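Q: Take this structure, written in structure tokens, and hold onto it; I'll ask about it next.
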Amino acid sequence: IIPVNNSGVPNYTDAYSLQFTTLPVLNPFSLGSTDSNITINYTYGMYSSLIVNSNSVYYKTITSLPHTINNLPPNSYYSINIIPVNSAGLYGISQIANIYTWATVGTISLTEINTNSIKVVTNGVYNNIKIQWSPTNSNVGLTASSNIISGLSPNTGYNFTITPYNPSGISGTVKISNLVYTLGSINTFAVNTLYTNAFKLYIDGIFTNYNL
């Protein structure tokens with residue numbers, strides 16, 4: 001800035017200079033997740049660095065995107081806040097996005113096996129689960145860790161496919177149980193022929209073999 005008098009003569013001795021840096025900018029960003037991490041996807045911006053914080057448990061300064069936050073618990077909510085910073089250390093307008101990590105299923109136990117039902121016990125971290133089996137059947141939106149699946153056929157092998165969901169309705173990694181067979185059944189049992197030292201049995205049912 002150079003002052004000028006009424007005669008139009010500039011005074012260079014009293015001249016002042018001022019330097020400044022404009023505020024940084026960052027466009028809105030999207031997030032991706034797995035059961036143990038969250039990835040901040042690339043978005044355009046003009047900045048020197050970014051301050052990333054989430055849920056008051058994560059704070060880090062980075063210089064570029066994408067960026068991944070690791071070692072997170074499954075089925076958990078995170079609010080990701082990013083603040084752009086310019087070379088003078090001044091903050092721009094922050095951007096926020098929210099996401100859940102995936103739900104998980106740990107172990108699958110199949111117990112209380114009967115002729116037409118099996119109890120499916122799941123161990124995991126989820127909001128709800130979907131249980132599928134062959135032939136194509138499913139129970140959707142189950143929240144309990146223990147569910148009795150009925151309407152099955154006797155002496156039939158079943159695999160159960162468990163899909164966990166987080167509160168956003170996003171599915172996690174699918175897990176499949178071991179093959180297990182329902183119990184065999186006998187519908188009719190009768191003695192239809194008698195001999196002096198033997199008899200003939202009539203047995204009708206669904207089984208592979210039987211013991212007498």
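Q: Which of the numbered conditions does THR115 fail, given that it passes all the others? Conditions: (1) within 25 Å of LEU72 (Cα to Cα); (2) touching a Ser or Thr at 6+ places or on another chain (Cβ under 6 Å).
A: Failed condition: (1).
Q: Looking at (1) assigned to a strand (DSSP E or B); (2) open to solvent by less than 50 Å² (accessible area, probe 1.4 Å), can you tell me which one PRO154 breaks?
A: Condition (1) is where PRO154 drops out.
Q: Same structure again: Out of segment 157-175, which residues are exposed (fewer than 13 other Cβ atoms within 10 Å of the Cβ) and over 23 Å from ILE99 (Cα atoms)?
A: GLY157
Q: Inside segment 121-158, can you point out the residues that are small (Gly, Ala, Ser) and more than 21 Å from the chain's Cα centre (by Cα)?
A: SER134, SER150, GLY151, SER153, GLY157
Q: Suppose the filter is assigned to a strand (DSSP E or B), modelled with pLDDT of 90 or more and within 37 Å of the chain's Cα centre (by Cα); does ILE93 pass it?
A: no
Q: In segment 1-55, which residue that is outside any loop (DSSP other than H, G, I, E, B) and of a type in the set (S, T, N, Q) is least open to solvent (accessible area, probe 1.4 Å)?
A: Among those that are outside any loop (DSSP other than H, G, I, E, B) and of a type in the set (S, T, N, Q), it is SER54.
Q: How many of the residues in segment 118-151 are among the charged types (D, E, K, R) and either loosely packed, with under 13 Cβ neighbours inside 10 Å or within 18 Å of ASN75 (Cβ to Cβ) (or both)?
A: 1
Q: Which residues, counting only those in segment 63-114, are surrounded by fewer than 18 Cβ atoms within 10 Å (Cβ to Cβ) and among the β-branched types (Val, Ile, Thr)?
A: The answer is THR63, THR68, ILE93, ILE96, THR107, THR111, ILE113.
Q: Here is a further query. Test ILE38 against the stated conditions and say whether it is hydrophobic (A, V, I, L, M, F, W, C), more than 30 Å from GLY124 (Cα to Cα) and touching a strand residue (DSSP E or B) at 6+ places or on another chain (Cβ under 6 Å).
A: Working: hydrophobic (A, V, I, L, M, F, W, C): yes; more than 30 Å from GLY124 (Cα to Cα): no; touching a strand residue (DSSP E or B) at 6+ places or on another chain (Cβ under 6 Å): yes.
Taking the combined requirement at face value, the residue does not satisfy it.
Q: Looking at SER30, SER76, SER54, SER87, which one is under 24 Å from ASN166 (Cα atoms) and touching a residue at least 40 places away in the same chain (Cβ under 8 Å)?
A: SER30
The values are calculated or read from the model by the stated rules, or taken from the named source; none is laboratory data. Keep in mind that what you see is a predicted model, and the values were worked out from it rather than measured. Heads up, the Cβs are rebuilt from the backbone with ideal geometry, glycines too, and the neighbour counts pull from every protein chain shown. Side chains included, ligands, DNA and RNA excluded: accessible areas come from the protein's heavy atoms. Shrake-Rupley method; radii C 1.70, N 1.55, O 1.52, S 1.80 Å.
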